[in-house]
Every structure is written in structure tokens, then in C-alpha cells.
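For reference, the structure discussed in these notes is given below.
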Amino acid sequence: MCMLSETMMLTCSFHHQTTVKIEREPNRMAQAVANVARRINATMEEQRDSLDLSDCGLVSFPDGVFKMIRSCTDNIQKISLANNQIKALSNKFFLTFTQLREVDLQGNVLTTLPEAVANMQHLISIDLSRNKLRVFPERLTDVSSLQHISVEGNQITELPMEKLSLMPALKSVDVRSNPLTPEAASFPHHFTLLT
């Protein structure tokens, strides 16, 4: 159940109570918060292994989600936060969802990833297409399970080809629509490089 108070606070009560401050466009924001709450509740009730918060108008990963979903974070293997306006993710995101195999972050405004992404032992695929990355997130090269990386449509000019070549499971890196320097992909590699 969700209630909007006069102070523009939306209180949603499910398994845990969380309060989200709504700043502008109260009707649209209230609908967005209610939509997020519905999706989280459905994930928990149906014991899904994925959480889809794409197209929700988020500017960050809501802190209240950590509280609401804490009982089933080990079950979550796939999260989509695609097509939001997320500017940054905290270390807490990757430290909480330790069993993630797939993360879809395409269509946001990320400029970097937190250090904790390097600790993702089960991560197979990460999609960072159409963000605001100027530098390839090198911490991804520490994820030995990673098979697919997409950074298509960013502003990356150089790739850490030597480090990427040392990744044992890596199968593909999509760097299309980036202003790469001519020598960026010249290092010998064992994976498919989409340029």
C-alpha cells in the first residue's frame, strides 16, 4: 500500500517500510515510485531470480530497495536498470547483489563504476551501452567470470587490451560507436571485438 502525504513523501508498506522523497512532478514521480515498489514486490512474492527496474525514471538505485529486498538478494542473478537516468552506482549495490550473473545498465548517464564491481565472482555479462563513459571501466578486467562486455555508444578512446586479453572467460567486447584511437584495438586478443 502506498500513500502520498502533504509533504510529498511517498510511504510504501510491503514487507518492510520505506520512505522515498519526491521532489518535483509529484504525480509522475509518485507513479514511478509505485511502479518500482510493485516490481520489487512481484520479484519477492514470485521468488524470481531477476529484478527489472528498467524505464523507471531512476537517477540512482533506491536505498529503500536494499531494505525491501534484503531477504532475497542471494536469489537475484539478473538486474536490469536500463533506460533510466542513473548517474552512479554505489559499492553497496555490488556488495549486496553478490550472485549477479547479468547486469543491464544501458541507456543511463554513468561515467564510472564503483570499485566493488571487481569482486563479482559470478558476473557473466554487463551492458554499459549508451552511457557517458569516457574511460573503459578497468575494474571489469578483474572479473574472471566475465564473458560479455558492451560499452557501445560511449565516449571511450582507449581500451586496456593487454588486461582484456588476460581475462580467461571473455568472449566479446562491444565498443561500437566510440571514438577509439586507431591503435586502441591493435593488441592481439582471443575474444571478439566489435568495433
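The values are calculated or read from the model by the stated rules, or taken from the named source; none is laboratory data. As the structure is a prediction and not an experimental result, all values here were calculated from the model. Methodologically, a virtual Cβ is constructed for each residue, glycine included, from the backbone with ideal geometry; neighbour enumeration extends over all protein chains shown. Each accessible area value is taken on the protein alone, full model and side chains, heavy atoms only, with ligands, DNA and RNA left out. Shrake-Rupley method; radii C 1.70, N 1.55, O 1.52, S 1.80 Å.
Put +1 on the Cβ of each Lys and Arg and -1 on the Cβ of each Asp and Glu in the chain; which of Met161, Pro188, Leu140 then has its Cα farthest toward the positive end of the dipole? Projecting each Cα onto the dipole axis, the largest value belongs to Leu140.
Once the mean of 1/r is taken over each pair of separate Cα atoms and inverted, the range 61-111 shows a Kirkwood hydrodynamic radius of 11.5 Å. Largest GNM mean-square fluctuation across Glu45, Glu158, Glu138, computed for the chain with C-alpha springs under 10 Å, falls on Glu45.
Sparse packing (at most 12 other Cβ atoms within 10 Å of the Cβ) combined with a DSSP loop state is found for the following trypsin sites (Lys or Arg not before Pro) in the range 22-122: Arg24.
Entry comment: accessible area of the chain is 53 Å² per residue, from protein heavy atoms only and a probe of 1.4 Å. Treating the Cα atoms of the range 138-190 as identical point scatterers in vacuum, please give the log10 of the normalised Debye intensity I(q)/I(0) at q = 0.19 Å⁻¹, two decimals. So the normalised log intensities are -0.61. Here the range 73-195 is treated with +1 on each Lys and Arg Cβ and -1 on each Asp and Glu Cβ, and its dipole about the Cα centre works out to around 260 debye. If you run the Gaussian network model on the chain, springs between alpha carbon atoms under 10 Å, then out of Asn131, Asn27, Asn84 the most flexible one is Asn27. Between the helical axis of 26-45 and the dominant principal axis of the chain, each derived from Cα atoms, what acute angle in degrees is found, rounded to the nearest 10? The angle comes out at about 80 degrees. Taking the empirical scaling 2.2 N^0.38 Å for compact globular proteins as reference, the chain has a Cα radius of gyration ratio of 1.11. Considering only Cα atoms, the convex hull volume of the range 25-88 works out to 82 Å³ per residue.
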